1. What does the net charge come to around Gly98 if you take all other residues with beta carbon closer than 13 Å to its beta carbon, with K and R at +1 and D and E at -1?
2. Taking every eigenvalue of the Cα gyration tensor of the range 47-150, multiplying by 5 and rooting it, what semi-axes result, largest first, whole Å?
3. What translational diffusion coefficient, in µm²/s and rounded to a whole number, does the Stokes-Einstein relation yield for the range 120-216 at 4 °C and a viscosity of 1.567 mPa s, taking the hydrodynamic radius as the Kirkwood radius over Cα pairs?
4. Just to be sure I understand the model, the point goes 7 Å from the Cα along the line to the Cβ. What's the resulting Ser64 to Asp45 distance in nm?
5. Ranking request for peptides 201-210, 86-95, 179-188: highest mean number of other beta-carbon atoms within 10 Å first, then the rest in descending order.
6. Given N residues in the range 89-145, what is its alpha carbon radius of gyration divided by 2.2 N^0.38 Å?
7. Expressed as cubic angstrom per residue, what is the convex hull volume of the alpha carbon set of the range 134-180?
Amino acid sequence: MIVTRTLRLALLAAGTAGGLSGAAYGLLNGQAGHARKVIGPPVADPLRADGVHLPTGVGPVPRSEVPEGVQPLELAVLGDSSAAGLGANFPSELPGVGVARGLAEELDGPVRLTTHAIVGATTQELYAQVDAALRRPPEVVLIIIGANDVTSKLPVSRCAELLGEQVRRLVEADVKVVVGTCPDLGSIRPIPQPLRSVASRWSLALARAQRRVVEANGGYAVPLADLLSPEFLARPAEFFSPDHFHPSGAGYEAAAEILLPVMCMAIGAWQGGPLPPAPTRSETAEARRPTSRIVAHLNRHLHLRRPGRPLG
C-alpha cells in the first residue's frame, strides 16, 4: 500500500538525515502504524471523464457535438493519484475536468481531455506516461507528481532531475508543460507529530527542487504546497476526502483554480493581466521548525524521560 511505504521510507529519510536514536525511531514507527490504520487502503479507482468538454461546462460529449471544422484543444494530464483525482465523488470534481472546462470557457472553444495519470506513480515511472502522451502530442500537459517519490529511495535531487528530463522531452516536442509541484504531506492530519513534520520537510524540499528543474527546462511550475497548505490545514474536513489522505472535490477545485491561470498563460490565452509571482515558500512552511531540530528535540525528550513514565 502506497501510504505504508511512504511513511516507512519517510522514517528512513529522517533517520539518515537527522540521526534518529533507536527510541525516537520506534516512536515514529509506531506513529506511522497508527496513521496507516486511520487512512486505510483506497476503496475505489479514480473516476474518469476523458473526452471533449465544452465552454458551457458540459462534457465529456461525443466528437460529433463539436461544430465541423473546429478542432478541440488537446490537454493531457499526467502524474499520480492527485492528478488522476482519487478521492473525488463525481467526474465534474476531477482536477483534469476542472482545468479542461476552465480552458474551454477561457478559449470559448472545446477542449479534449486525456488522462494518463496512474495512482501510486512515482517520477521514475513518469517516462511511460510521457511516451503515451507523445504518441499523439497534445498542445498542453498538466503534471502533478511527487508525493509517492519517497517510496523510490532516491535523493530529492535525483527525483527532481527525472522530472526535468520528462519536461524537456515534452517541451522539445512543442508541448506546453505545467507542473503542480509536490503537495505538503504535513497537511495530512492522520500523520501525527513529529512524523508529520518529517514528511512535510521532505515534501517541501522536493517541491522546491521540482520548481527549479521545471522552469530550467522550459515548463511552468505551480507550487501547490505553498499556495494550498493554509487552506488544507484550516479546513481539513472540507478539503480532504473520507480517507483523510487524498483531496476531496473541494480540494481538487481549489487546486484547479490555482492551476488554471498558469495553464492559460502557457498556451497564450490568459486575458486577466500579469500574474503575480508565486511564492518561493509559504508563511505556513516558514513557520515550521527544521526536521533536524525536531529530531534532536525528540531524541533529547526520550533520553531524559524517566523509566516507566508514559509519553505526554
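1. Values: positive: Arg101; negative: Glu93, Glu105, Glu106, Glu253, Glu257.
Within the 13 Å Cβ shell, the charges total -4.
2. 25, 15, 10
3. Values: Rh = 13.9 Å.
Using the Kirkwood radius from Cα pairs, D works out to 93 µm²/s.
4. Distance between label points: 2.7 nm.
5. Values: 201-210: 24.2, 86-95: 20.8, 179-188: 27.7.
For the peptides 201-210, 86-95, 179-188, the packing ranking is 179-188, 201-210, 86-95.
6. Values: Rg = 12.5 Å, N = 57, 2.2 N^0.38 = 10.2 Å.
Compactness ratio reported: 1.23.
7. On the way: hull volume 3.6 nm³, N = 47.
Spread over its residues, the Cα hull of the range 134-180 gives 76 Å³ apiece.
Quick note: the coordinates plus some simple rules give every number you see, no bench work behind them. This structure is a prediction, so every number in the text was calculated from the model and none was measured. FYI the Cβ positions are ideal-geometry reconstructions off the backbone, even for glycines, and counts take in every protein chain you see.
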